[in-house]
Structure formats: C-alpha cells, structure tokens
Amino acid sequence: MIKIKRSNLEYKLSNFCFKLLRRLSLSTIILTNCFILLLTMSINNAHALVITTNNEIQGSLPYFSIDSGKNKMQDTESLLSIKLSNGKVIKRIDDTSSELNPIELPYFETFQGIKTIVPLGNPNYPKIDLAELKNYKFFFDDDGDKYADAEGKVEVKWERKVSDNNYTDITGMVKKQPNQQLNYCHRPYRLTITLTKGYLKTNSGLPNQTNFENASHSFYITPKEGIDNKCDSQP
C-alpha cells in the first residue's frame, strides 16, 4: 500500500511539473513574439521618422527670379537688388554706393538694362503686387510646386540730380521711354526700391513659405563716361 501511494505521488508531481513547464514555455514564446513585434514597430517608426526628417531637410523655399532662376530672390535683401546688363547683381547688403561713390554702369546703359523685381512694361509701373509676378514667370520652386500665393508690394522710384542735394522724379519718363540712355550729365541717378511686408507661399512641401519685411533702399548710379560727354558746355 505504501509503495502504491508513492507511485501516485510521483505521477502527480511529474504531471504538475510538465504542465508548469509547458505553460512557462508558452509564456516564453508569447513574450518572445511580443518583443519581436514591438521591436519591428519601433524600427518602422524610426524609419518613418528618418524619411520625414529627410524630406523636410531636402525641401527648399519658393522664390522669385528675374533671370529664369539663375539668381534666387528668397529674402528681403534679394528683393532689394538690381541686376546690370553684364549680369552683375547688387543687393542692398552689398551696396556701398553714394552720391560721391555711385555705381558705374558697364556700358552706355538704358533704363531697361537695369533690372529690378518690378518689370518695366507692367501696367501699374512703378509698382506691382507680389502676387502679380507669376504673370511674368518670376515664381520658382525647386520642389516642383507649381501653385503659389503671395502678398505684399514692391515699388521703384527713379530720380536724377539737378543740383546739390536736390533730385527730381523721372519715374514717369522711365516708364514711357525705357530704352532711353542714362545721361552722364545728369549723374548720379538715384533708384529707390521699397518693399512692403509680405510672403510667398506654396500649398505643399516643407519649408513652403518665404517671408519679406518692410524695407527700402536707394542705389546711386552713374552712366559710363564717354568722349561725347560735353556737360560743361551745356546751359
């Protein structure tokens, strides 16, 4: 009798141990699978974050350009700039011109040859809304966004010197006769560009908006001296 009881006890203990090991084994499998699943999700999320971050870094700001994208106008300084007929671009931040030290033009220049963001020939010259610049194909975006919204205005003013510290407004004449040459005897000319606060924005992409601040700047310009200049003999 005692021997039989021992056998039953051993059987029950063995069975209990087997079931316990089986449960532990299943739990281990479940925990292992859960760990693998969580690890996979973490890797995928990290990969998605890298892709998103890369896309943001690779994006570029929309911009204006008056020369088919060669020179980008994507800040206040670049909108307050002029481009000469030899391709030289002078921004406000780089301009050191003054009455006594004007910018000398490379050739016998016409008003048409001195470019600003305000296109000569537009019906509202000497001013233009930034939103209207798309009609002149001045809007660009390297990310491929074709639609843009803009706000703000730019205005230019042409003046020529008539006496010490006195200038007269010739903007109307420039509008009517853009191909007229600048006169050496009227040097220096003063070209003022005034910008009102605004922006250029696309619907998609990051970054997608370029902002501009209220600002103004005057360039002093003189035409190239030629052998036919006879200012001293003029009344």
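In segment 213-226, how many residues are in contact (Cβ under 8 Å) with a residue 40 or more places away in the chain and not in a strand (DSSP E or B)?
5
Which one of Arg190, Arg160 is over 23 Å from Ser78 (Cβ atoms) and modelled with pLDDT of 95 or more?
Answer to the check: Arg160.
May I ask you to list pairs of residues, at least six apart or on different chains, whose Cβ atoms are under 8 Å apart, with the first in segment 88-105 being under 10 Å from Tyr220 (Cβ atoms) and in contact (Cβ under 8 Å) with a residue 40 or more places away in the chain and the second being of a type in the set (Gly, Ala, Ser) and part of a loop (DSSP other than H, G, I, E, B)?
Listed pairs, sorted by first residue: Ile103/Ser97.
Among the residues that make up segment 171-178, is at least one of them of a type in the set (A, V, I, L, M), in contact with an Asp or Glu (Cβ under 7 Å, 6 or more places away or on another chain) and either touching a residue at least 24 places away in the same chain (Cβ under 8 Å) or within 30 Å of Glu99 (Cα to Cα) (or both)? Spell out the reasoning first.
Here is the first cut: in segment 171-178, the residues of a type in the set (A, V, I, L, M) are 173-174.
Still in the running and in contact with an Asp or Glu (Cβ under 7 Å, 6 or more places away or on another chain): none.
No.
When the residues of segment 139-172 are filtered to those that are in contact with a Lys or Arg (Cβ under 8 Å, 6 or more places away or on another chain), among the charged types (D, E, K, R) and over 19 Å from Pro223 (Cα atoms), which remaining residue is surrounded by the fewest Cβ atoms within 10 Å (Cβ to Cβ)?
Asp149
This table checks each residue for (1) of a type in the set (Gly, Ala, Ser); (2) in contact with a helix residue (DSSP H, G or I) (Cβ under 9 Å, 6 or more places away or on another chain).
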site	(1), (2)
Lys134	no, no
Asp145	no, no
Val154	no, yes
Val162	no, yes
Leu182	no, yes
Pro188	no, no
Ser218	yes, no
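Would you be able to tell me the number of residues in segment 193-235 that are charged (D, E, K, R), closer than 30 Å to Tyr63 by Cα and at pLDDT below 95?
Initial filter on segment 193-235 (charged (D, E, K, R)): 197, 201, 213, 224-225, 228, 230, 232.
Among the residues that remain, those that are also closer than 30 Å to Tyr63 by Cα are: 197, 201, 213.
Now restrict to residues that are at pLDDT below 95: 201.
The number of residues fulfilling the criteria is 1.
On the given criteria, is Ser216 closer than 28 Å to Ser97 by Cβ and surrounded by fewer than 15 Cβ atoms within 10 Å (Cβ to Cβ)? So that I can check it myself, show each step before the final result.
Numbers: closer than 28 Å to Ser97 by Cβ: yes; surrounded by fewer than 15 Cβ atoms within 10 Å (Cβ to Cβ): yes.
When the stated conditions are applied, Ser216 passes them.
The values are calculated or read from the model by the stated rules, or taken from the named source; none is laboratory data. Worth saying up front: this structure is predicted, and the values here are computed from it rather than measured. FYI the Cβ positions are ideal-geometry reconstructions off the backbone, even for glycines, and counts take in every protein chain you see.
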